[in-house]
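The values are calculated or read from the model by the stated rules, or taken from the named source; none is laboratory data. Fair warning: this is a prediction, and the values are worked out from it, not measured in the lab. Every residue, glycine among them, receives a Cβ derived from its backbone with ideal geometry; neighbour counts consider all protein chains shown.
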Amino acid sequence: MGDRVLADKKDFDVIIIGGGPGGLAVGSMLAHEGASSAIIERSPSLGGRYRSVDFHGARVDCAVHIPVSLDGAVEKTYVYRLFSHLGLPLEYKTVPWPMVKVSQDKPGKMDFFAMDPKLGAANFFAFFAFATGIEMEDSTKKELQRITDLCEAMSEEECRKAVNIRFSDWIERNVRDPMAQMVLQNLGPIIGAPPKDVNFGMFANAFGTFNRAGAPLLWYPKNGTLESAVIDPLADYYTSHGGKVIANRTVRSIVIEKGKAKGVIVSDDQNCFMLAEYSAPVVICAIPIFEAVSQNILGRKFLTRDWAEVVKQYEKLAIYDLSGFYLLRKDVVPRDGLGYFHFFDTDYGIPTYVGDLSLGSFVNAINEPKGKQLICSLIYGSSEATYFGIPARMEKVQEGHRRWKNAVEKAFPGFNSAIEFEGMNLQLNFTRYAYAVVPREIDIQSPNIKGLYFGGDSIRSIGTPMSDKCFQLAFPICERVLDYLRKGRQ
């Protein structure tokens, strides 16, 4: 997609910074409504964390992310709604929320558990028994059900008012049963971050899912990688409806004059970093807001005091996940299984999360070499057992990489000896920085700069999980931007 490069035009209705899923989502919606816009992307191609990479003959996601639905059906996700709105097809396959437990005492065997949508909150009773080998007391089950009911009853607005409350503190103050406290305090591998780093409003919004939908649903495109199934159709739609893409360009600064966005200053990284200015009354920052601030694309002086505090807290949780890629000389992991699951290793005293495993075939790796098997890993860098630090410390990364391989070897003996090629990729985590405990939730529109909006996944703690938030935000951003443009032309 690097050939989609703007030639001469410098004036637009809207300029979008970043051509990842968030930038493309709102860009496609604006193009659908006839607004003149340009996406500025610093890389040669679009896609952000949805890009594909080539790995020894195979083409696969650069970061293994399994999309999630909190509403029990893929059709209720915002990426599906966006594709339907634009008239684009999006076929998918689903998988339950699966976890396996391994031990060196059981080589070649796994204890298996998957969330059952029919069980609702009772999934946590079953998960506790799976992880510990102990059945919960009825009093603990009753307490966890009470908490699930409380979370389900909280409105979105009530959840937004609770973003300043640390989830771990809320547990200590509001959960009476000691065992229920322990269960909730150890939900880090499921939430994606330790409870001490998560605000209660975000947790309540997500935890109510177990009553509303039974359990979150994991899914993936039926055909193609995330880039070919999601990014390419959106990019084609965007450009065919008049949108312009400026690739290999880095936004150096958002131009703000008298409290209004006026455009951006861009450097041409392939031409001695020559500078150019592109004008627009609307600028949408579709890269993480903390990146825009730290790189001085958006000067801190343009943030209100409360927004500056939020950005500061987000930066603390802007840590890296680790993806791994393994090309095996032969099939070692059965291809007829689920294709994706969380690994817990019991040889650390208690079942300890070490990462996720995905079959290359499940994530639709393209051109997987004949007679070989591609395996992918994803290790969340925000759990206490796999925390890589900020910036990522290589010794911690290597330790997490080793622990994952050791766990897989216990489940599938011969895995390590079958590795022909292996590689690793560090990438910024999706959304979990927005779980931070903050004085208020920041929104899609700057409170003090007219014409400045924010997309992507780094704003709004309350909403859908992971990258689906990029598509969720595209709808209200498009509506507000079009309203602003109409008023400006009157």
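Let's see how each residue does on (1) closer than 30 Å to Gly20 by Cβ; (2) in a helix (DSSP H, G or I):
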site: Asn123; (1), (2): no, yes
site: Phe127; (1), (2): no, yes
site: Asp169; (1), (2): no, yes
site: Gln181; (1), (2): no, yes
site: Ala204; (1), (2): yes, yes
site: Asn223; (1), (2): yes, no
site: Glu227; (1), (2): yes, yes
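Determine which member of the set Ser28, Ser45 is buried (at least 16 other Cβ atoms within 10 Å of the Cβ), in a loop (DSSP other than H, G, I, E, B) and either in the same structural domain as Glu156 (by TED's automatic domain parsing) or not β-branched (Val, Ile, Thr) (or both).
Ser45
Please pick out the residue among Gly488, Gly463, Gly456 that is surrounded by 18 or more Cβ atoms within 10 Å (Cβ to Cβ), modelled with pLDDT under 95 and either in contact with a Pro (Cβ under 7 Å, 6 or more places away or on another chain) or over 23 Å from Glu158 (Cα atoms) (or both).
Gly456
Hey, Lys76 hits all of (1) free of Cβ contacts under 8 Å to residues at least 60 places away in the same chain; (2) within 28 Å of Phe421 (Cβ to Cβ) but one; which does it fall short on?
(2)
Give the residue, chosen from Gly414, Gly389, that is surrounded by fewer than 21 Cβ atoms within 10 Å (Cβ to Cβ) and more than 26 Å from Ala114 (Cβ to Cβ).
Only one candidate qualifies: Gly389.
Quick test of your reading of the structure: Ile375 fulfils all but one of (1) touching a Ser or Thr at 6+ places or on another chain (Cβ under 7 Å); (2) not in a loop (DSSP other than H, G, I, E, B). Name the failing condition by number.
All conditions are met except number (1).
Which helices (runs of 4 or more DSSP H) does the stretch 388-490 wholly contain that include 1 or more residues that are under 20 Å from the mean Cα position of the chain (by Cα) and among the charged types (D, E, K, R)?
The helices (runs of 4 or more DSSP H) meeting that bar are 468-489.
Restricting to the stretch 94-114, name every residue that is of a type in the set (Lys, Arg) and under 15 Å from Pro334 (Cβ atoms).
Lys109
Could you go through the stretch 146-154 and let me know if any residue there is buried (at least 18 other Cβ atoms within 10 Å of the Cβ), at pLDDT 90 or above and under 19 Å from Ser382 (Cβ atoms).
No; the residues of the stretch 146-154 include none that is buried (at least 18 other Cβ atoms within 10 Å of the Cβ), at pLDDT 90 or above and under 19 Å from Ser382 (Cβ atoms).
Any residue in the stretch 227-238 that is in contact with a Cys (Cβ under 9 Å, 6 or more places away or on another chain) and within 17 Å of Gly27 (Cβ to Cβ)?
For the stretch 227-238, residues in contact with a Cys (Cβ under 9 Å, 6 or more places away or on another chain) and within 17 Å of Gly27 (Cβ to Cβ): present.
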